[in-house]
Amino acid sequence: MKEQLKAIFASRFSEKPAVYASAGRINLIGEHTDYNGGFVFPGAIDKVIMAAIAPNETDKVRVFSVDIDEYAEFGLNEEDAPTQSWARYIFGVCREIIKRGGTVRGFDAVFAGNVPLGAGLSSSAALESCFAFALNDLFNDNNIDKFELARIGQSTEHNYCGVNCGIMDQFASVMGQQGKLMRLDCRSMEFEYFPFAPDDYELVLVDSRVKHELADSPYNKRRASCERVAKRLGLETLRDATMPMLKSIRTDITAEDYFRAKFVIEEKDRVLAVCDALNAGDYETVGKKMYETHRGLSDDYEVSCEELDFLNDIAAECGVTGSRIMGGGFGGCTINLVRKDLRDKFVETAKTRFNEKYGHEPKVYPVVISDGARKVEDAEK
């Protein structure tokens with residue numbers, strides 16, 4: 001990809017570019033916990049957005065997207081926002097750096113990626129993080145700290161792309177390290193790295209290619225359930241709630257609110273159990289907790305769907321160590337922790353049986369936990 005980008009850059013622009021990359025992400029465990037003040041457990045993966053970038057001594061940004069074969073050109077003032085949706089991510093990163101007192105001048109860029117779109121791997125966060133990292137290096141002597149680069153990406157989504165996202169995707173894309181997952185405390189924003197380099201296992205994503213559009217807003221309804229229970233317990237969020245506390249008010253709240261809160265409280269405990277298991281190299285326990293999370297998301301939080309439950313059942317039948325829905329639910333992917341000697345059998349079985357039942361094959365993506373935002377190559381002199 002790097003050589004292709006440099007060749008396309010040379011055909012369109014005159015400068016010698018530096019090359020940067022940033023990664024998509026998975027979340028091993030810790031689902032629907034971010035807005036409850038809990039923990040998430042993401043890692044950067046070996047699927048990236050890569051960009052060749054060089055200052056152009058003007059006040060204009062000129063960008064070519066290889067994957068969709070489109071060009072955009074825009075200035076750096078608020079009124080210069082481009083119309084193309086993909087270019088707004090890059091414009092937003094520029095504006096958010098400038099708003100924070102940073103420097104951005106005109107530059108030329110060519111970018112491409114191999115982060116699968118629509119599979120819940122945060123291709124947009126990878127795009128933001130790649131450009132935020134690059135502009136910090138090119139124009140700001142790397143004076144903006146990495147956590148602030150993640151916030152720049154988050155603010156870009158909020159202010160320029162109309163997506164009210166949390167911080168996890170950008171955090172993982174910027175801060176990721178090869179062979180390590182990160183436990184992020186969504187209340188304090190403290191984080192810690194944990195080893196994830198299993199010799200005998202692989203992570204495999206199975207994308208159902210299904211997305212159920214729902215009339216009501218299931219995300220907002222579940223968030224409201226959690227907030228009602230926290231308020232009844234006299235807490236700001238469910239982060240400090242325990243199962244005995246929840247059981248003590250069971251008769252005062254609806255069954256729906258009870259089961260939503262039950263999932264969140266148990267998921268917090270599962271994340272902490274996975275941390276201990278990873279430190280001990282105990283991937284069997286990690287897998288067991290992934291299955292527990294899937295059952296909780298399906299039965300208590302009710303964000304699964306028939307197709308994802310079917311993929312989870314196939315994983316269990318094939319002896320897969322761990323499997324669960326990844327992401328908000330109602331479609332998308334399962335993430336699977338698979339012994340290497342079982343992988344081919346599992347993938348073949350999942351594809352065949354899913355196709356027999358639903359009329360299309362799922363897409364399968366093996367992923368490796370890898371580095372996040374980085375400089376790939378300096379500009380040639």
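The values are calculated or read from the model by the stated rules, or taken from the named source; none is laboratory data. Because the structure is predicted, anything quoted here is derived from the model rather than measured. Every residue, glycine as well, gets a Cβ built from its backbone with ideal geometry; the counts of neighbours run over all protein chains shown.
From the set of residues in the stretch 152-173 that are small (Gly, Ala, Ser) and within 20 Å of Lys47 (Cβ to Cβ), which is farthest from the chain's Cα centre (by Cα)? Don't jump to the end; show me each part of the working.
Here is the first cut: in the stretch 152-173, the residues small (Gly, Ala, Ser) are 153, 155, 162, 166, 172-173.
Still in the list and also within 20 Å of Lys47 (Cβ to Cβ): 153, 172-173.
Details: Gly153: 12, Ala172: 7, Ser173: 8 Å.
My answer is Gly153.
Report, by residue number, each residue of the stretch 62-90 that is within 27 Å of the chain's Cα centre (by Cα) and either over 19 Å from Ser155 (Cα atoms) or aromatic (Phe, Trp, Tyr) (or both).
Here is the first cut: in the stretch 62-90, the ones within 27 Å of the chain's Cα centre (by Cα) are 63-72, 81-90.
Correct list: Val63, Phe64, Ser65, Val66, Asp67, Ile68, Asp69, Glu70, Tyr71, Ala72, Trp86, Tyr89.
Looking only at the stretch 92-110, decide whether some residue is among the β-branched types (Val, Ile, Thr), in a loop (DSSP other than H, G, I, E, B) and surrounded by 24 or more Cβ atoms within 10 Å (Cβ to Cβ).
Here is the first cut: in the stretch 92-110, the ones among the β-branched types (Val, Ile, Thr) are 93, 97-98, 103-104, 110.
Restricting the remaining residues to those that are in a loop (DSSP other than H, G, I, E, B) gives 103-104.
Applying the additional criterion that residues be surrounded by 24 or more Cβ atoms within 10 Å (Cβ to Cβ) yields none.
No, the stretch 92-110 has no match at all.
Show the residue pairs that are 6+ apart or on different chains and have beta-carbon atoms under 9 Å apart, the first residue being within the stretch 2-25 and surrounded by fewer than 16 Cβ atoms within 10 Å (Cβ to Cβ), the second being in a strand (DSSP E or B) and among the charged types (D, E, K, R).
Between residues of the stretch 2-25 that are surrounded by fewer than 16 Cβ atoms within 10 Å (Cβ to Cβ) and residues that are in a strand (DSSP E or B) and among the charged types (D, E, K, R), the close pairs are Lys2/Glu377; Arg12/Arg62; Arg12/Asp108; Ser14/Asp108.
Does Gly287 satisfy the criteria of being touching a residue at least 12 places away in the same chain (Cβ under 8 Å), closer than 24 Å to Tyr193 by Cα and small (Gly, Ala, Ser)? First the steps, then the outcome.
Details: touching a residue at least 12 places away in the same chain (Cβ under 8 Å): yes; closer than 24 Å to Tyr193 by Cα: yes; small (Gly, Ala, Ser): yes.
So Gly287 fits the description; yes.
Okay, residues lined up against (1) surrounded by 13 or more Cβ atoms within 10 Å (Cβ to Cβ); (2) assigned by TED's automatic domain parsing to the domain that holds Gly37; (3) within 17 Å of Gly37 (Cα to Cα); (4) among the polar types (S, T, N, Q):
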| residue | (1), (2), (3), (4) |
| --- | --- |
| Arg228 | yes, no, yes, no |
| Lys231 | no, no, yes, no |
| Leu238 | yes, no, yes, no |
| Ser248 | no, no, no, yes |
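Within the stretch 156-177, take every residue that is among the polar types (S, T, N, Q) and surrounded by fewer than 20 Cβ atoms within 10 Å (Cβ to Cβ) and give me the one that is nearest to Arg25 (Cα to Cα).
Step one: of the stretch 156-177, the residues among the polar types (S, T, N, Q) are 156, 159, 164, 170, 173, 177.
Now drop any that are not surrounded by fewer than 20 Cβ atoms within 10 Å (Cβ to Cβ), which leaves 159, 164, 177.
Values: Asn159: 22, Asn164: 18, Gln177: 11 Å.
Top of the filtered list is Gln177.
Got at least one residue in the stretch 299-306 being part of a helix (DSSP H, G or I), surrounded by 17 or more Cβ atoms within 10 Å (Cβ to Cβ) and in the same structural domain as Arg222 (by TED's automatic domain parsing)? Spell out the reasoning first.
We begin by selecting, within the stretch 299-306, every residue part of a helix (DSSP H, G or I); these are 299-300, 306.
Next, only the ones that are surrounded by 17 or more Cβ atoms within 10 Å (Cβ to Cβ) stay: 300.
With in the same structural domain as Arg222 (by TED's automatic domain parsing) added as a condition, the list becomes 300.
Scanning the stretch 299-306 turns up at least one residue that is part of a helix (DSSP H, G or I), surrounded by 17 or more Cβ atoms within 10 Å (Cβ to Cβ) and in the same structural domain as Arg222 (by TED's automatic domain parsing).
Please count how many residues of the stretch 352-381 are surrounded by 18 or more Cβ atoms within 10 Å (Cβ to Cβ) and among the aliphatic types (A, V, I, L, M).
3
How many residues, within the stretch 196-249, are aromatic (Phe, Trp, Tyr) and not in a loop (DSSP other than H, G, I, E, B)?
Initially, the stretch 196-249 is screened for residues aromatic (Phe, Trp, Tyr), giving 196, 201, 219.
Add one more test, that the residue is not in a loop (DSSP other than H, G, I, E, B), and what stays is 201, 219.
Number satisfying all stated conditions: 2.
Checking the condition farther than 22 Å from Leu117 by Cα, in contact with a strand residue (DSSP E or B) (Cβ under 9 Å, 6 or more places away or on another chain), of a type outside the set (Gly, Ala, Ser) and in the same structural domain as Glu227 (by TED's automatic domain parsing), which residue from Thr321, Thr349, Thr334 passes?
Details: Thr349 fails: in contact with a strand residue (DSSP E or B) (Cβ under 9 Å, 6 or more places away or on another chain); Thr334 fails: farther than 22 Å from Leu117 by Cα.
After applying the criteria, what remains is Thr321.
Can you name the residue in the stretch 119-144 that is in contact (Cβ under 8 Å) with a residue 60 or more places away in the chain and on the phi > 0 side of the Ramachandran plot and, of all such residues, is surrounded by the fewest Cβ atoms within 10 Å (Cβ to Cβ)?
Looking at the filtered set, the residue picked out is Gly120.
Give me the residue from the stretch 52-91 that is of a type outside the set (D, E, K, R) and part of a helix (DSSP H, G or I) and, out of that set, farthest from Lys381 (Cα to Cα). Step through it out loud before you land on a result.
Going residue by residue through the stretch 52-91, those that are of a type outside the set (D, E, K, R) are 52-56, 58, 61, 63-66, 68, 71-72, 74-77, 81-87, 89-91.
Checking the rest, the ones that are also part of a helix (DSSP H, G or I) come to 85-87, 89-91.
Values: Ser85: 34, Trp86: 31, Ala87: 29, Tyr89: 30, Ile90: 26, Phe91: 28 Å.
Taking the candidates together, the pick is Ser85.
Can you spot a residue in the stretch 283-297 that is touching a Pro at 6+ places or on another chain (Cβ under 8 Å) and either of a type in the set (Ser, Thr, Tyr) or assigned to a loop (DSSP other than H, G, I, E, B) (or both)?
Our first condition is that a residue be touching a Pro at 6+ places or on another chain (Cβ under 8 Å); within the stretch 283-297, this holds for 283.
Of the ones still in play, those that are also either of a type in the set (Ser, Thr, Tyr) or assigned to a loop (DSSP other than H, G, I, E, B) (or both) are 283.
Yes; the residues of the stretch 283-297 include at least one that is touching a Pro at 6+ places or on another chain (Cβ under 8 Å) and either of a type in the set (Ser, Thr, Tyr) or assigned to a loop (DSSP other than H, G, I, E, B) (or both).
Exactly one of (1) touching a Cys at 6+ places or on another chain (Cβ under 9 Å); (2) outside any strand (DSSP E or B); (3) over 22 Å from Ala119 (Cα atoms) is unmet by His32. Its number?
Condition not satisfied by His32: (3).
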